[in-house]
Structures are given as structure tokens and as C-alpha cells.
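The values are calculated or read from the model by the stated rules, or taken from the named source; none is laboratory data. Only a predicted model underlies this, so the values are computations on that prediction, with no experimental measurement involved. All Cβ positions, even for glycine, are placed from backbone atoms using ideal geometry, and neighbour counts span all protein chains on display.
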Amino acid sequence: MNDDYNEMSKLLFASFPPQFPKTSRSDLMRLWSLEMQWFNPNDANLVVSHLLDNNWIMESEEYLYPNSNVKLSSPMLGWRPILREILNSPPCTLDSIVLNQESEENAAKIENKVNFNKAGKDPKSIEDKTTFLINYVSRKSGLTNREVVRRSQRKRKALGPVTLWLCVALLAREQGLDMDKIIKILEK
């Protein structure tokens, strides 16, 4: 059940970012099917219904929002929900939330590691470099981090077996950014 909670927490985090804590059903389905390309429109509708029926998301007037008892956790780059697992997820209960308290402590440690950029440290691992690169491209191009990742994932899908950092670098080039700076980020 703990794995189910973690997967649902990641899905809700990706679906309801802090700047948009609630959204309409149609916007959520559009996000999943057209922007993120996780599900087709019919499956997106099934997922919304399943999440509502199992108290993972709540509805008020015409807006949907995540259950306030669920601690949202950021997915790793490249994470993608699996339809079968979501539709087989159990209802959101206090038991599933209590079981996840230890995982929340671990997630906080990971979040501190990913936030190296704010502390001014140089990236060490390729994952850190990719996160740093995404933040850099977002700042310089005026795109949101989410949009940079979305466009890079589309490139990755089209190109086949390539790394995410390469797709972010290609997006930076498309945006007319200084490629010397991109190369320096990757060489650090």
C-alpha cells in the first residue's frame, strides 16, 4: 500500500502544482492526455473518476483539488504514471497516510539534495546536472520548468533512446540560448 500512496502522491503533485492548487475536470484531463501525453482522453476520464471515487482528489463546485491529507511528493525526472497501477490503487484512507510517514522523511532528504541549486552548490551527478540545466533553460527562455520538461520529454519520445539532458540542451538551442553556457553546465 505504501507504493500505491507514493505513486498517487507523485501523480497529484504533477497534476496540482502549488501555483494551480485546483483545476477543472476538463483541464486535468487535457493536462494528462494532451500536454503530458500520459493517457488518452477516455483513460484520463476514467482516472479522474477513479481518483474522485477513492478520495484521492476532491470536488468542490466545478473544481478538483487533491485530498488535503495526502502529502504531495515531487516525482523524479522522467517519472510517468502507469494507468493499470492507478486504476488498481486502493482508496485513500488514514491508514495509507500513516504508513507513509517514514517515506515523507526520506522524501524531505531527497528534496534537500535536489535543491542544490538554491544553495549555490555545483551539480555533481548527471541527475543534478539535468535539474540544474532545466532550471537554467527555464530562467533564460521564460518557459516554466514544467514546460521545459514537457518539451524535452516530447523530443525524447521522438528521438528514441537519448538522455533527458540532451533533449533539454536541444531545447535550449531551439530557444536561442548560449550553448557555451549549456556545455559548461554539463562539464562541471
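A few remarks follow.
- Where GLY78 falls short, out of the listed (1) in contact with a Cys (Cβ under 8 Å, 6 or more places away or on another chain); (2) in contact (Cβ under 8 Å) with a residue 60 or more places away in the chain: (1)
- Count of region 1-38 residues which are of a type in the set (A, V, I, L, M, F, W, C) and either part of a loop (DSSP other than H, G, I, E, B) or modelled with pLDDT under 85 (or both): 5
- Residue list for region 13-64, restricted to those being among the small types (Gly, Ala, Ser) and within 24 Å of GLY78 (Cβ to Cβ): ALA14, SER15, SER33, ALA44
- Residue check: PRO123 meets all listed conditions (1) at pLDDT below 85; (2) surrounded by fewer than 17 Cβ atoms within 10 Å (Cβ to Cβ); (3) not in a helix (DSSP H, G or I) but one, namely (2).
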